[in-house]
């Protein structure tokens, strides 16, 4: 009898991280929040240096999603190779610009992914238990450890403290903030751009919403209840076409594919 080969995955098969990152809905809200906070990031100029973000923010979103999922759903060896490739890509950008990306910039992005993974899932699904939140942190911490990020939190409680400091002192309006939002509007169109801003309002921390002067009226919230009903009736796909341009519908559908 041939023994089945045991695959050592980077993220355990029963991890809440796989559940969170295995659904298009959650991922879209993760990056709605990230798109808001990126505009306030002190190192946002690095995203402008290559020109890829302002030229095609939606394409950049999906490429980032694809890379993140490649790491989270891969076997351990492949995931570590992907992380090493990510380091190499950033080193090439640093070489072209002739300076180093600030160490805290990497940490801010990693902490954002932890925070918005939890926030998006709780918004769309249910409250997470403390052990599940710790699991989310520890999975992304392994990414950070592989990247040799200085100052990364040792545990979830330290992470919460570091994240709070980021939101208090690490975000600010810059000359790129308004431009990045204008690019979102240009590529989404006004109706979908308004939906994006509502999604940002629902998922982003209060500090981010206040810095961006987002509307306080959350008209998207009751729509989410309707969306959850649509999901039960398995007709939510039609609503997704209203949220993203048709060119990206296939890519959104692919995010719902099942993984091992």
Legend entry - Residue satisfying condition, being under 27 Å from residue 72 (Cα atoms), modelled with pLDDT of 90 or more and surrounded by 13 or more Cβ atoms within 10 Å (Cβ to Cβ), within set 254, 204: 204
Inset, instruction - Could you tell me whether any residue of segment 144-160 is at negative phi, surrounded by fewer than 16 Cβ atoms within 10 Å (Cβ to Cβ), in contact with a helix residue (DSSP H, G or I) (Cβ under 8 Å, 6 or more places away or on another chain) and without any contact (Cβ under 8 Å) to a residue 24 or more places away in the chain? - result: yes
Legend entry - Residue match in segment 23-44 (condition: in contact with a helix residue (DSSP H, G or I) (Cβ under 9 Å, 6 or more places away or on another chain), free of Cβ contacts under 8 Å to residues at least 60 places away in the same chain and within 17 Å of residue 105 (Cβ to Cβ)): no
Legend entry - Lone qualifier among 149, 167, 107 - being out of contact with any strand residue (DSSP E or B) (no Cβ under 6 Å at 6 or more places or on another chain) and either in a loop (DSSP other than H, G, I, E, B) or modelled with pLDDT under 90 (or both): 149
Inset, instruction - Find all pairs meeting these conditions: Cβ atoms under 7 angstrom apart; at least six residues apart or on different chains; first residue within segment 78-100 and farther than 25 Å from residue 11 by Cβ; second residue part of a helix (DSSP H, G or I). - result: 93/49; 97/49; 100/94
Inset, instruction - For segment 18-46, enumerate the residues that are more than 22 Å from residue 228 (Cβ to Cβ) and buried (at least 20 other Cβ atoms within 10 Å of the Cβ). - result: 34, 35, 36, 37, 38, 39, 40, 41, 44
Inset, instruction - Give me the pairs, please: first residue somewhere in segment 217-228 and within 21 Å of residue 206 (Cβ to Cβ), second residue anywhere and at pLDDT below 75 and part of a helix (DSSP H, G or I), beta-carbon distance under 7 Å, and either six or more positions apart or on two chains. - result: none
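The values are calculated or read from the model by the stated rules, or taken from the named source; none is laboratory data. Computed from a predicted structure; not experimentally measured. Positions of Cβ are backbone-derived with ideal geometry, glycine not excepted, and every protein chain shown enters the neighbour counts.
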